[in-house]
Amino acid sequence: AEREFSIRTPKSMEKYQAARRVMPGGDTRSTVYFSPYPITVSNGSGPEFQDIDGNHYLDFLNNYTATIHGHAHSKVVEKVNQALSSGTSYASVIEEQISLAEILCARVPGIEQIRFCNSGTEATMFAIRVARAFTNRAGIIKMEGGYHGTHETAQIELFNTQQAPVSMGIPVRVAQDVYAVPFNDLEAMEQLLIQRAKEIAAILVEPVMGAAGVIPPLSGYLAGLRELANRYDVLLIFDEVQTLRLSTGGAQSKYHVTPDLTALGKIIGGGFPVGAFGGRADIMSLFDPANLNHLSHGGTFNGNRITMAAGITSMELLDQQAIDHLETLAKKLQMQMQEAIHRLFVPASVTRSGSLLNVHFTEQPPINYASTHRSRKDFTQLFHIELLNRGIYTAPRGMWNLSTVMTDFHIDQAVKAFSDSMQVIAKCIE
Ligand code: PMP
């Protein structure tokens, strides 16, 4: 599979060699890399893009769920072009920022007030900071395998019952204030709260785990978290950077559980750098600079005109009809994937919530991070390259997501490539 990949992508290979001279690993995002080397893209339109060797791909990664309306959507392009000619960023208020804030406050139940930043990383960082400021406590409980960006608190993980930084360069003492429990396990959460609630500012959770493998909450889990947070008097933060797409008001609308704070990103920027965090007005008011003693939050490009214009357009395009369309296509994709898996007797499963899916090489779909460890990493890697060779672009770890510009035609193409690639895996097992 890698040989065929290399034959199809000689120019990408050349670019990779050149890029490595000026950037370690040839790029500036760890998640873009895969072995033997990532492809270099020239341009995209709608649900497709092209690499510099002229290969076409259907994009089932969509910049890790950010480009929900595909590439170069005509409405987004039009609005961004208009915004460009009015000046892009000022150290003052612009009306577009107020408009996007109004849209998001109206759509997301847990957001009464909101502030913008430039990445999901900043969004979770500030949600955590304001939770700590409001409660005057330092402790954060996250989920094992929960990804919330790259700031220090977010980069703590459990290693054999001991929490520690996942990366070099993070002081070990940061881990003192970060606890991790398994997702979908209310009892583990309550045990921790019984011991530690007095030190805990907030529980931080993705309502559907993303990077850990698109793991939906078991029935009653999120409501249970809400109840525990109330009972033990800690705040509940939802990281909806990926899950906002699950309904017009995010996973909190879909699952009917309202958090105290919410972190957003990706789709609310229409393809431009963005993050936002919001929540209860009594908490968010800590940021009010009219108060002498306020929580400071700077950012040169916070709420800039390009991002706001693209974001407003992206949210307007993501109406109920668009979400229903995504749901219908995703359901069909999942069913046909599962059909191929059963037909070929491969020990694999497909998890899904809305238009987010993940292929796992485990017979049982995982319900938490630990249960994803059984997945065959070698199969995941081979499957990814097999899909690439058939013009289907997905996350190397097996995550798929849809864009609103896809149709049945694209799903059918994907299912064909999926089945053919799964046949290769089936042969490995024989
Ligand atoms: N939270 C979640 C759930 C994410 O999926 C991501 C990005 N994949 C982030 C936070 C960080 O966002 P960003 O890459 O914009 O910093």
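What follows is calculated from the coordinates using simple rules that are stated; it is not laboratory data. All of these numbers come straight from a predicted model, not from anything done at the bench. Backbone-built Cβ (ideal geometry, glycine too); neighbour counts: all protein chains shown.
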Some residue of the stretch 21-29 being within 16 Å of the ligand (Cβ to nearest atom), of a type in the set (D, E, K, R) and surrounded by fewer than 18 Cβ atoms within 10 Å (Cβ to Cβ): yes
Qualifying residue in the stretch 321-338 (condition: over 30 Å from residue 84 (Cα atoms) and among the basic types (Lys, Arg)): yes
Scan of the stretch 298-324 for residues that are part of a loop (DSSP other than H, G, I, E, B) and surrounded by 15 or more Cβ atoms within 10 Å (Cβ to Cβ), ordered by number: 299, 301, 302, 303, 304, 318
Looking only at the stretch 35-66, and only at residues there that are within 16 Å of the ligand (Cβ to nearest atom) and assigned to a loop (DSSP other than H, G, I, E, B), the one that is farthest from the chain's Cα centre (by Cα): 60
The stretch 160-182 - residue that is part of a helix (DSSP H, G or I) and β-branched (Val, Ile, Thr) and, of those, farthest from the chain's Cα centre (by Cα): 172
Residue within the stretch 223-245 that is away from the ligand (no atom under 16 Å from the Cβ), of a type in the set (S, T, N, Q), under 16 Å from the mean Cα position of the chain (by Cα) and closer than 21 Å to residue 324 by Cα present: no
Failed item in (1) touching a Gly at 6+ places or on another chain (Cβ under 9 Å); (2) within 17 Å of residue 356 (Cβ to Cβ), with residue 61 passing the rest: (1)
